[in-house]
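Structure, as structure tokens:
The values are calculated or read from the model by the stated rules, or taken from the named source; none is laboratory data. This is a predicted model, so every value here is computed, not measured. Every residue, glycine among them, receives a Cβ derived from its backbone with ideal geometry; neighbour counts consider all protein chains shown.
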Amino acid sequence: MYPTPYYSMIRSKNHIYDFRLHMAQSAMTKGVKPTARLFKTSAPTVRKWRDRFQRQGLSGLQELSRAPHSCPHKLSKEDEDFIVKLRKRLPGYGAEHLKDEFDLPWGVNSIARVIRQRCPTRIRKKKHQKKNDLRHIKAAYKPYTRYQIDTKYLNPLILN
């Protein structure tokens, strides 16, 4: 059973943080193995949170990022800027087209990732939005300045 009363657990804003805090405090008073049995977890887990709490205090109980510290194959800032410059000059070109046209040394996926992250995409207008825009443009025309006449030539018709 959870050693903290249910009511106080529900009222807390961050259940996991409070759980870890109680676990670390219990480990320092009762010991690692009794705390592991009480919280229904393993001893290494209890040791991890106890040690983090002792070293860093309350901030040590926060979840750490699982993102890698570095990405060795990531393009440099200058390379990314070059790709963005090409893309802005030719907005219709995708990653594959840019690679082929300019003989870029990077992979298509790398170029596509840079375009996705750094180049804003144009949001296409829906059909009804285009129609409304055209209505406003046509309403601004002066009367009788534009004509449209449909004609049909009946010369080749021979009546029998």
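Annotations
- Residue within the stretch 139-147 that is within 30 Å of His22 (Cβ to Cβ) and either at pLDDT 85 or above or among the polar types (S, T, N, Q) (or both) present: no
- Scan of the stretch 36-66 for residues that are assigned to a helix (DSSP H, G or I) and in contact (Cβ under 8 Å) with a residue 40 or more places away in the chain, ordered by number: Leu61
- Residues that are exposed (fewer than 10 other Cβ atoms within 10 Å of the Cβ) and among the charged types (D, E, K, R), drawn from the stretch 44-76: Arg55, Glu63, Arg66
- Number of positions in the stretch 102-160 that are of a type in the set (A, V, I, L, M) and under 50 Å from the mean Cα position of the chain (by Cα): 11
- The stretch 23-35, subset without any contact (Cβ under 8 Å) to a residue 24 or more places away in the chain and among the aliphatic types (A, V, I, L, M), residue surrounded by the most Cβ atoms within 10 Å (Cβ to Cβ): Ala27
- Hits in the stretch 110-132 (condition: surrounded by 10 or more Cβ atoms within 10 Å (Cβ to Cβ) and either farther than 19 Å from Asp81 by Cα or in contact with a strand residue (DSSP E or B) (Cβ under 6 Å, 6 or more places away or on another chain) (or both)): Lys125, Gln129, Lys130, Lys131, Asn132
- Residue check, Arg135 exposed (fewer than 12 other Cβ atoms within 10 Å of the Cβ), in the same structural domain as Met23 (by TED's automatic domain parsing), basic (Lys, Arg) and part of a helix (DSSP H, G or I): no
- Looking across Pro91, Pro72, Pro105, Pro120, one residue alone is touching a residue at least 12 places away in the same chain (Cβ under 8 Å), outside any helix (DSSP H, G or I) and either among the aliphatic types (A, V, I, L, M) or farther than 30 Å from Leu21 by Cα (or both). It is Pro91.
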